[in-house]
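I have placed the structure first, in the form of structure tokens, so that the comments after it can refer back to it.
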Amino acid sequence: MTSRVILISPASNPSLRQARFDDGRTPLDESGTARAGAAAWTPRSPARVLTSPSLRCRETAAALGLREGDPLAELAGLHVGRWQGRTLDEVGSAEPEAVAQWLADPASAPHGGESVQQLCSRIGQWLDSEYVADDRTIAVVEPDVVRAVVVQVSQAPPTVFWRIDVAPLTATEISGRAGRWNLRVGRPLGGRDTDG
């Protein structure tokens with residue numbers, strides 16, 4: 001059987017707009033909630049709903065009208081250690097060499113958290129587990145989780161991670177059978193799901 005996973009990026013919140021390393025507790029603001037509500041999306045067939053553990057992903061799922069999703073630790077965003085809660089500008093001013101190293105080397109974790117390479121590996125392990133799921137999964141996940149999925153599915157080197165833009169409230173779909181994933185990226189949400 002083919003396994004189908006639709007990854008939905010969350011609506012904007014203050015952390016996304018400020019390029020702040022989110023601590024997972026920042027809610028959607030009024031604008032983000034309104035945009036998610038306007039994009040309300042109805043899957044054609046029943047689906048398992050999962051989310052990243054962050055509040056913005058759980059609130060996005062609710063605003064989209066998806067039944068309550070199960071937050072999975074495996075789908076958490078990139079853990080950035082001591083940088084959590086700070087903006088990229090703040091960290092760049094205080095630790096310019098560390099930020100440059102982090103952006104250039106996917107194995108680097110100068111913040112004391114998780115490297116991009118470790119995130120991609122974690123998401124790859126989760127994808128391997130999805131082969132046994134003969135159903136349709138909808139997962140509202142952090143943009144960096146979507147990036148890691150694209151890296152893993154396309155078998156690209158982790159150095160391309162920062163070259164992948166993930167817009168709010170877009171769907172990235174993967175489907176697989178016989179050990180192979182196919183990828184469809186960046187579909188805006190809205191209306192009824194008319195595909196398979």
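The values are calculated or read from the model by the stated rules, or taken from the named source; none is laboratory data. All figures in this text were calculated on a predicted structure; none of them were measured in a lab. All Cβ positions, glycine included, derive from the backbone under ideal geometry; neighbour counts span all protein chains shown. Accessible surface is based on the protein model in full, side chains and every heavy atom, while ligands, DNA and RNA are left aside. Shrake-Rupley method; radii C 1.70, N 1.55, O 1.52, S 1.80 Å.
Points worth noting:
- Complete set of residues in the stretch 102-131 that are farther than 28 Å from TRP181 by Cα and surrounded by 14 or more Cβ atoms within 10 Å (Cβ to Cβ): TRP102, ALA109, PRO110, HIS111, GLY113
- Test for ALA167: is it at pLDDT 90 or above and either touching a Gly at 6+ places or on another chain (Cβ under 8 Å) or not in a strand (DSSP E or B) (or both): yes
- Condition check for SER9: closer than 25 Å to VAL151 by Cα, of a type in the set (S, T, N, Q), buried (at least 18 other Cβ atoms within 10 Å of the Cβ) and at pLDDT 90 or above: yes
- Residue match in the stretch 42-50 (condition: without any contact (Cβ under 8 Å) to a residue 60 or more places away in the chain and among the hydrophobic types (A, V, I, L, M, F, W, C)): no
- Neighbours by Cβ (under 6 Å, 6+ apart or cross-chain): first from the stretch 141-153, within 21 Å of GLU59 (Cβ to Cβ); second among the polar types (S, T, N, Q) and not in a helix (DSSP H, G or I): VAL141/SER52; GLU142/SER52; PRO143/SER9; VAL146/SER9; VAL146/THR172
- Count of the stretch 46-80 residues which are charged (D, E, K, R), in a helix (DSSP H, G or I) and in contact with a helix residue (DSSP H, G or I) (Cβ under 9 Å, 6 or more places away or on another chain): 3
- If you go through the stretch 72-101 and pick out every residue that is closer than 24 Å to LEU127 by Cα and open to solvent by 70 Å² or more (accessible area, probe 1.4 Å), you end up with 3.
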